Structure formats: C-alpha cells, structure tokens
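Q: Before we start, here is the structure in question, set down as structure tokens.
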C-alpha cells in the first residue's frame, strides 16, 4: 500500500486526501500545512498525523508526496521530494517561470522518481472517452478543437494577485487539454484576447477575467479556447472536436438527466457550481491512475514535460495579449 505525505490542507489537498483514503490501495500517513489547524482537521478526517513539510518529505514512512501548496512553492518542493526519492504528484503549474520549470525537471529527471502533474481533466470520464474515440479515428483527422471553460465566480483577488494570471492559473488546464487532444502535434502560433468585464478589482490586480485564445498547428489544425471568471448558471465545461468524418462533443454534466417540456419550452436541470463537484470523478480517477503508474513502473501520462509545454503556451498567450500580435512558437 502506497503511503502518501500531503503538503497543503486547503481545498484541493482535502479532495486528494479523501480520494486516497477511499482508494483501498493507499493511505495518507502525514499532512503538512502552514496553518496547523487545517492540517489537524484534515489529518483527523483521513486517519493521518501532522508533521512539518520537511519532516514529511524526509519521513521513511512516506512513499509518495502530493503537493497541493501555493504555486510559488511547487518547484522547490518537487526538487526536495525528488532528492528524497519520493514519487510525486504535484498540482499545476510546476512554476510560473519556464526556466524554473526546466531546472526543476532536470533535478526530478536525475532522481529517477515518477513525477505527475495534476491535470485532472485528462481523467474526467467524459473527456477521456472523447479522446479515446478521437484516437480511434471515429471522426477522422481533427480540424477544429473548441474548448469552453467558465467559472461561476472568480476566486478572491488576494489569490489572483499570486496566481500568475488567468492564462497561467485557469486556462493552463485548457492548454493541456488542447495538447492532449491534438496528440503528436503541437501549436506553433498563439493569438490571445482578454478583457476585464466581470470585476474591476481583477483589472486593478493586473489580471483579466474574460479571455479567448486561438492556436494553430503546423498542419493547420485550429484550437479555440474561451474562458470567463463568471458564469451565472454554473461551472461551464465543454469540448467539441470537429473532424474530417464528423464531430465529437462532451457537453456539460447536469445534476440529473430529467428534462421538462411544456408551453414555456424545453428545460434541463442545472449544472454544478463547484469545480470539486464537477470533477469529483476526475480527481478520484487521477489518484487511481497515479497508483497504476507506480504499480507498473510506468511514466505518468501527465508528465513534467506536459506541465512545461502548457506553461509555454500560457506565456505565449500572455505575450500575445500584451503585444496584440500572434506569437510564433518553436
């Protein structure tokens, strides 16, 4: 049974800890958090103990480290865990700096430990099924990929100030999903638009809350991504892939499949407002996949390299927004 040390007892740390505790294949040995009360509460919920970050990483009772701390700590913690010989599952992104990610991956690579980045949407049952059917050739060659991601509301401005901005914090999941669906091809051009339409405080914090990015591969395939920090109707998560032989679409998940038709029209039940609720199955599957990789001695599917490439796209989008120009990628 794999013994985990969890760094970070916030919202996502709680999600992962509870998934591990329910898995039957792993356990949570220790929790560390800058807020002792948060660590104690989560440890009590999953049958773990609390230690400092350094004690968790150094502990011989820990086989794997799950990093769910603030973004600007990720790269340092990955390096420390790698040098300690621990398997690592780290929330995105590895760092807000491409050179820092590259240096971090060199350390992790030399250690030879498994490193998986938390791009949980790859493991969403609907998105995973779409990708599998795309790979099977069901719609021929993909031509246009459209990804929609809209949150019900923005996080606190204090979080946004530390997040690296919408492209690095929110859209980075969509950059990864675009690469996941494109397969062997990489985008070579990026053109970004963005604005502050939902909350002027976000603009004063130096970020945007509404964005669109267009990308294209060398062969001409097009990706269109739209993000918004406000969707009054719930957590809007959709993907559409148009190909030479047809179309694949993953629609929103509704609370129930019940629909009402009457003289006023045709209505469906609402969609989830919480990303935790929307992606609960994906987070559970992510832990299961990580354990599978460890059991089989395989490299994780969402690797450190995937984290690096998604960050490069996020930086290209930020550059395009500032310049108003299309950014060319190597």
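Q: Expressed as a whole percent, how much of the Cα-Cα distance distribution for the chain exceeds 35 Å?
A: 22
Q: Arrange 138, 259 by Cβ neighbour counts within 10 Å, fewest through most, would you?
A: Listed from fewest to most nearby Cβ atoms, that is 259, 138.
Q: Let me ask something else about it. Helix 74-83 against the longest principal axis of the chain: what's the angle in degrees, Cα atoms only, rounded to the nearest 10?
A: Relative to the chain, helix 74-83 is tipped by roughly 40 degrees.
Q: Next up: What percent do you get for the relative contact order of the chain when only Cα pairs under 8 Å and 6+ apart count?
A: For the chain, the relative contact order is 19 percent.
Q: Just from its helices, what would the mean residue ellipticity at 222 nm be for the chain, if runs of 4 or more DSSP H residues each count -39500 (n - 2.57) and the sum is divided by every residue, rounded to the nearest 500 deg cm²/dmol?
A: -12000 deg cm²/dmol
Q: Order these by the 10 Å Cβ neighbour count, fewest first: 170, 309.
A: 309, 170
Q: Taking the simple approach of a point 7 Å from Cα along Cα-to-Cβ for both residue 153 and residue 35, what is their distance in nm?
A: It is 1.7 nm.
Q: Per the Kirkwood definition applied to all pairs of different Cα atoms, how many angstroms is the hydrodynamic radius of the range 91-184?
A: Over the range 91-184, the inverse of the mean reciprocal pair distance is 15.6 Å.
Q: Let me ask you something else. With angles folded into 0 to 90 degrees, how steeply does helix 11-23 sit against the dominant principal axis of the chain? Use alpha carbons for both and round to 10.
A: The angle comes out at about 70 degrees.
Q: Helix 280-296 versus the longest principal axis of the chain: what angle, 0 to 90°, nearest 10, using Cα atoms?
A: The answer is roughly 60 degrees.
Q: Where does each of 127, 273, 175 land when they are ranked from fewest to most other beta-carbon atoms within 10 angstrom?
A: 273, 127, 175
Computed from the coordinates by the stated procedures, all read-outs in this text should not be read as laboratory data. Every value quoted in this text rests on a predicted model; they were computed, and no experiment measured them. As a convention, Cβ positions derive from the backbone with ideal geometry for all residues, glycine included, and neighbour counts pool all protein chains shown.
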